[in-house]
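Asks: The structure under discussion is supplied below as structure tokens; questions concerning it will follow.
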Amino acid sequence: MNKKYSFKNDYSEGAHEKILDALASTNFLQCDGYGKDDFCEAAKVAIRENLGISDCDIHFLTGGTLVNKLVIGSFLKPYESAVSAKTGHINVHETGAIEATGHKINIVNSDSEKLTPECIGNIVKAHTDEHMVKPKLVYISNATECGTIYSYGELKNLSEYCKANDLLLYMDGARLAQALSSPDCDYSLAEIHNFFDAYYIGGTKNGCLIGEALIINNDKFKENFRYYIKQSGALLAKGRLLGVQFLELFRDNLFFELGKIAVENAISLADKLKSLGVTFRYKPQTNQIFPIFSNDLIEQLLRFFDFYVWENIDKDCSVVRLVTSWATPCKQIDNFYEKVLEFYDEKGR
């Protein structure tokens, strides 16, 4: 077993105990297969009640890359493309899954790592005729791959622009719970629900063993979506395993509580580092933070902790990514801070 504590991601642990208890207590109940069981239906009701709506379609799937591939592959015509920030998950960390469906990704370079109507418009204007792909779907992550979040105004502007220009707006919500729990978040899930043609609610990175809940709002894409899921090998025979987990997540606000814990852990660590004069590549807003350390300090810290070195600043300094979760012990936050403090004390800072 690895004795170093890992800040690499927010899914190193198994699952929250309430979810494990729910899976164990329902284990011997016989259920219909392929998501047609009572648990999946009850979980859909719970999610719709949280959203305050009743007319969206909900599908439970096993992972985020799979959801992104299913949505983009089925929503777009063969000659249509997706627009994404350069750092977008579909561009960087999905092994060409979207391109494998035959769809190009149009990349946007953005200082904020977020998309705006202006930068999307530049992509649309640059694709002028049938000799080029036609941008059709706008892909965003919230929280972003850089741990930042969109404001209500930013999401509203994106939604209005996409509707006015016949574009689809899709949100990757792998860390949606963390975005909603950010101290800078100025909206609820119900308040932004109608901004999107589709989005998913992440469970894997928020206390589930596996699982994401895809929400489809656009009526055009609701019919026969299960056929596409099955054809892609994504229709889980024991769909009840996902339904049980999401029913528990949306029972007594567990989904939001776990997101809040993950964010509070990261903000606590960021505040401790700021007290030492540490600066950050991106503003700490969720459970992914990106401090800038000297390479000597990074080498020292890697003796005790696992984390990713994200980006080189210069020959002396680099950005690292630290990720906390609902299960991160406060003791490990303190341990990390103390190791940084020890290094600074040794260097006479």
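Asks: Step through the residues of the stretch 62-69 one at a time and calculate ³J(HN,Hα) from phi using the Karplus curve (6.51 cos²θ - 1.76 cosθ + 1.60, θ = phi - 60°), rounding each to whole Hz and writing x for Gly and Pro.
Replies: Taking θ as phi minus 60°, the curve returns 8, x, x, 4, 5, 4, 4, 5 Hz for the stretch 62-69.
Asks: Size of the dipole of the stretch 1-121 about the Cα centre, Lys and Arg at +1 and Asp and Glu at -1 on the beta carbon, nothing else charged, in debye to 20? Intermediate values should be presented prior to the final figure.
Replies: Values: 12 positive and 17 negative charges, 99 e Å.
Once rounded to the nearest 20, the dipole reads 480 debye.
Asks: If you place +1 on the Cβ of every Lys and Arg and -1 on the Cβ of every Asp and Glu, how big does the dipole about the Cα centre of the chain come out, in debye to the nearest 20? Please report the intermediate quantities before stating the final value.
Replies: Numbers: 38 positive and 47 negative charges, 102 e Å.
Roughly 500 debye, rounded to the nearest 20.
Asks: Let me ask something else about it. Restricting to Cα pairs below 8 Å that are 6+ residues apart, what does the relative contact order work out to for the stretch 72-158? Please round to a whole percent. Don't skip to the end; give the middle numbers.
Replies: Values: 125 pairs, mean separation 31.2, N = 87.
So the answer I get is 36 percent.
Asks: Give Lys36/Lys136; Lys136/Lys222; Lys86/Lys134 a once-over and call out the pairs whose C-alpha atoms are over 28 Å from each other. Don't jump to the answer; show the numbers that get you there.
Replies: Working: Lys36/Lys136 32 Å; Lys136/Lys222 18 Å; Lys86/Lys134 18 Å.
From Lys36/Lys136; Lys136/Lys222; Lys86/Lys134, over 28 Å: Lys36/Lys136.
Asks: Further question on the same structure: Compute the Cα gyration tensor for the stretch 1-50, then decide on rounded, prolate or oblate, letting a ≥ b ≥ c be the square roots of its eigenvalues: rounded whenever a/c is under 1.5, prolate when a/b is larger than b/c in the other cases, and oblate in all that remain.
Replies: Numbers: a/c = 3.07, a/b = 1.93, b/c = 1.59.
Prolate shape, in that a/c is at least 1.5 and a/b is the bigger ratio.
Asks: Separate question: Ranked by accessible surface with a 1.4 Å probe, highest first, in what order do His93, His103 come? Don't jump to the answer; show the numbers that get you there.
Replies: Working: His93 100, His103 5 Å².
The most accessible residue leads, giving His93, His103.
Asks: Same structure again: Can you give the % of DSSP beta bridges in the chain that are antiparallel, to the nearest 5? Before the final figure, lay out each step's value.
Replies: On the way: 20 of 37 bridges.
Just about 55 percent of them are antiparallel.
Asks: Can you tell me the relative contact order of the chain? Whole percent, Cα pairs under 8 Å, sequence separation 6 or more. Provide the component values of the computation, followed by the final result.
Replies: Numbers: 639 pairs, mean separation 82.1, N = 349.
Relative contact order here is 24 percent.
Asks: Counting helices only, and only those DSSP H runs with n ≥ 4, report the 222 nm mean residue ellipticity of the chain as the sum of -39,500 (n - 2.57) divided by its residues, in deg cm²/dmol to the nearest 500. Present the calculation step by step, with values, prior to reporting the outcome.
Replies: Values: 14 runs with 137 residues, N = 349.
Mean residue ellipticity at 222 nm (helix-derived): -11500 deg cm²/dmol.
Asks: In terms of Cα to Cα distance under 17 Å, which lysines are near enough to Lys156, apart from those fewer than 8 places away along the same chain?
Replies: In chain and number order, the partners are Lys114.
Asks: Provide the per residue accessible area, probe 1.4 Å, for the chain, rounded to a whole number of square angstrom. Kindly include the intermediate steps, with their values, before the conclusion.
Replies: On the way: 16110 Å² over 349 residues.
For the chain, the solvent-accessible area averages 46 Å² per residue.
Asks: Leaving out ligands, DNA and RNA, what percent of the accessible area of the chain is carbon and sulfur, probe 1.4 Å? Intermediate results must be reported in sequence, preceding the final value.
Replies: On the way: 7830 of 16110 Å².
Carbon plus sulfur share of accessible area: 49 percent.
Asks: At a Förster distance of 41 Å, what's the computed FRET efficiency of Glu49 paired with His131, Cβ-Cβ distance as r, to 0.05?
Replies: Numbers: r = 48 Å, r/R0 = 1.18.
Approximately 0.25, to the nearest 0.05.
Asks: What nm value, rounded to one decimal, do you get for the distance between Glu13 and Lys331 when each label is placed 7 Å out toward the C-beta?
Replies: 1.3
Asks: How high is the relative contact order of the stretch 161-308, in percent, with contacts defined as C-alpha pairs under 8 Å that are six or more residues apart? Provide the component values of the computation, followed by the final result.
Replies: Working: 153 pairs, mean separation 32.4, N = 148.
About 22 percent, as a whole number.
Asks: Give the calculated FRET efficiency between Lys77 and Tyr344 to the nearest 0.05, with a Förster radius of 56 Å applied to their Cβ-Cβ distance. Working shown, then result.
Replies: Values: r = 56 Å, r/R0 = 1.00.
According to the calculation, E is roughly 0.50.
Asks: Go through Ile298, Ile53, Ile210 and list them by solvent-accessible area, largest first, probe radius 1.4 Å. Provide the component values of the computation, followed by the final result.
Replies: Details: Ile298 10, Ile53 40, Ile210 70 Å².
The residues order as Ile210, Ile53, Ile298, largest area first.
Asks: Using the alpha-carbon centroid of each, what span in Å lies between the stretch 61-117 and the stretch 25-53?
Replies: Taking the Cα centre of each part, the stretch 61-117 and the stretch 25-53 sit 29 Å apart.
Asks: Now for a different question. For a 20 Å ceiling on Cα separation, which of these pairs sit above it: Lys163/Lys220; Lys69/Lys230; Lys125/Lys220?
Replies: On the way: Lys163/Lys220 14 Å; Lys69/Lys230 13 Å; Lys125/Lys220 25 Å.
Among Lys163/Lys220; Lys69/Lys230; Lys125/Lys220, the Cα-Cα distance tops 20 Å for Lys125/Lys220.
Asks: Can I ask one more? If you take the charge dipole of the chain about its Cα centre, with +1 on Lys and Arg Cβ and -1 on Asp and Glu Cβ, which of Ile72, Thr328, Ile292 is farthest toward its positive end?
Replies: Most positive-ward Cα: Ile72.
The values are calculated or read from the model by the stated rules, or taken from the named source; none is laboratory data. Fair warning: this is a prediction, and the values are worked out from it, not measured in the lab. We place every Cβ from the backbone using ideal geometry, glycine too, and count neighbours over all the protein chains shown. Ligands, DNA and RNA are excluded from the accessible area calculation, which covers all protein heavy atoms including side chains. Shrake-Rupley method; radii C 1.70, N 1.55, O 1.52, S 1.80 Å.
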